[in-house]
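**Q** Sharing a structure with you now.
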Amino acid sequence: YRYLSVEVRPEDLKDAIRALPAWNMKGIHLTIPHKVEVLKYLDHVAEDAKIMGAVNTVYVKDGKLYGENTDGKSFINADIALEGKKIFMLGAGGAARAIAVELANAGAKELIILNRSRARGEELKALLEEHTKLQVEYREWDHTMPIDEDTDILVNTTSIGLYPGVDAKPDIV
């Protein structure tokens, strides 16, 4: 096996994906901007990835293209008990969506989404309420926000603290 880094322009995505079986490739990983667009070129999409609305892994099986999303799975594979827990999540983007679906699948009890964009936060809340049994609340993040004292787990899915702003901290108390 070889792991290659290949840049695919958005306008070439369909051709690149359809070429995987012809190249006898086992699969690929992809990222922004292709995680959503690729869905229309796949033969099968995992149920959790359908809910998330994105895939980051495509593999070939019997000449068919399958899509999965492993973004949230890696979070869930951490050795942390999630069943029955109250979780406070910062952010409502792609990583938040993937992690939230996996939290629901792992039996988390309650999720509070804290996000600056009301539309994105409400969209994630509605998605989770439609497809899972997780209790979900959205709170708009427009000032220093307190984290509920009875929170079991705090998850940061924002870019706050990532390079180059590694010293940045979320505006929470």
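**Q** Looking at the stretch 162-173 only, could you name the residues that are under 28 Å from residue 109 (Cβ atoms), hydrophobic (A, V, I, L, M, F, W, C) and open to solvent by 70 Å² or more (accessible area, probe 1.4 Å)? Give the derivation first.
**A** Of all residues in the stretch 162-173, those under 28 Å from residue 109 (Cβ atoms) come to 169-173.
Retained after the next criterion (residues that are hydrophobic (A, V, I, L, M, F, W, C)): 172-173.
Answer for the stretch 162-173, where residues must be under 28 Å from residue 109 (Cβ atoms), hydrophobic (A, V, I, L, M, F, W, C) and open to solvent by 70 Å² or more (accessible area, probe 1.4 Å): just 173.
**Q** Looking at the stretch 85-103, can you tell me whether even one residue there is part of a loop (DSSP other than H, G, I, E, B), at pLDDT 95 or above and over 14 Å from the mean Cα position of the chain (by Cα)?
**A** Yes, that holds for at least one residue.
**Q** Please state which of the following conditions residue 79 fails to meet, knowing it meets all the rest: (1) assigned to a loop (DSSP other than H, G, I, E, B); (2) of a type in the set (D, E, K, R); (3) at pLDDT 95 or above.
**A** (3)
**Q** From (1) more than 22 Å from residue 137 (Cα to Cα); (2) under 17 Å from the mean Cα position of the chain (by Cα); (3) without any contact (Cβ under 8 Å) to a residue 40 or more places away in the chain, pick out the condition that doesn't hold for residue 35.
**A** (3)
**Q** Within the stretch 59-108, track down each residue that is open to solvent by 20 Å² or more (accessible area, probe 1.4 Å) and at positive phi.
**A** If the condition is that a residue be open to solvent by 20 Å² or more (accessible area, probe 1.4 Å) and at positive phi, then 62, 63, 84, 107 are the ones that fit.
**Q** Sort through 97, 139, 116 and tell me the only one that's free of Cβ contacts under 8 Å to residues at least 60 places away in the same chain and within 24 Å of residue 48 (Cβ to Cβ).
**A** Unique residue meeting the criteria: 97.
**Q** Additional query: What's the number of the only condition in (1) open to solvent by less than 70 Å² (accessible area, probe 1.4 Å); (2) under 18 Å from residue 99 (Cβ atoms); (3) small (Gly, Ala, Ser) that residue 159 fails to meet?
**A** (1)
**Q** Among (1) under 11 Å from the mean Cα position of the chain (by Cα); (2) over 20 Å from residue 124 (Cα atoms), which single condition is residue 81 missing?
**A** (1)
**Q** Let me ask something additional. Go through the stretch 28-67 and give me each residue that's assigned to a loop (DSSP other than H, G, I, E, B) and of a type in the set (D, E, K, R).
**A** Within the stretch 28-67, 35, 43, 62 meet the criteria.
**Q** If you scan the stretch 109-124, which residues turn out to be open to solvent by less than 50 Å² (accessible area, probe 1.4 Å), farther than 23 Å from residue 33 by Cα and not acidic (Asp, Glu)?
**A** Scanning the stretch 109-124 gives 111, 112, 113, 114.
**Q** Check the stretch 9-26 and report whether any residue there is open to solvent by less than 70 Å² (accessible area, probe 1.4 Å), assigned to a loop (DSSP other than H, G, I, E, B) and closer than 13 Å to residue 66 by Cβ.
**A** yes
The values are calculated or read from the model by the stated rules, or taken from the named source; none is laboratory data. These numbers were taken from a predicted model, which means no experiment stands behind them. Cβ atoms come from the backbone with ideal geometry, glycine included; neighbour counts cover every protein chain shown. Just so you know, the surface numbers come from the protein's heavy atoms only, side chains and all, with ligands and any DNA or RNA stripped out. Shrake-Rupley method; radii C 1.70, N 1.55, O 1.52, S 1.80 Å.
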